[in-house]
């Protein structure tokens, strides 16, 4: 498993994409995604990730 910092971006919401399907009232509008961290999981999925207190205090991090 690993994490990645995702930079912010601005998109126009499309009805065929997941955000447009989840929030149809946003279709056609421009929205801004803020920078965030995603985790690539052991089973190959990507999920949002928030560091826990123990993650923040860990000393086994490596920048690749």
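Just so you know, all these numbers are worked out from the coordinates, no wet-lab data involved. Note that the coordinates shown come from a computational prediction; the quantities given were computed from them, not determined experimentally. Cβ: placed from backbone, ideal geometry, glycine included. Neighbour counts: every protein chain shown.
Among strands (runs of 3 or more DSSP E) entirely within segment 17-56, having at least 2 residues that are surrounded by 12 or more Cβ atoms within 10 Å (Cβ to Cβ) and touching a strand residue (DSSP E or B) at 6+ places or on another chain (Cβ under 8 Å) singles out 30-33, 36-40.
Would you pick out the residues in segment 6-16 that are closer than 28 Å to residue 52 by Cα and out of contact with any strand residue (DSSP E or B) (no Cβ under 7 Å at 6 or more places or on another chain)? Scanning segment 6-16 gives a single hit, 7.
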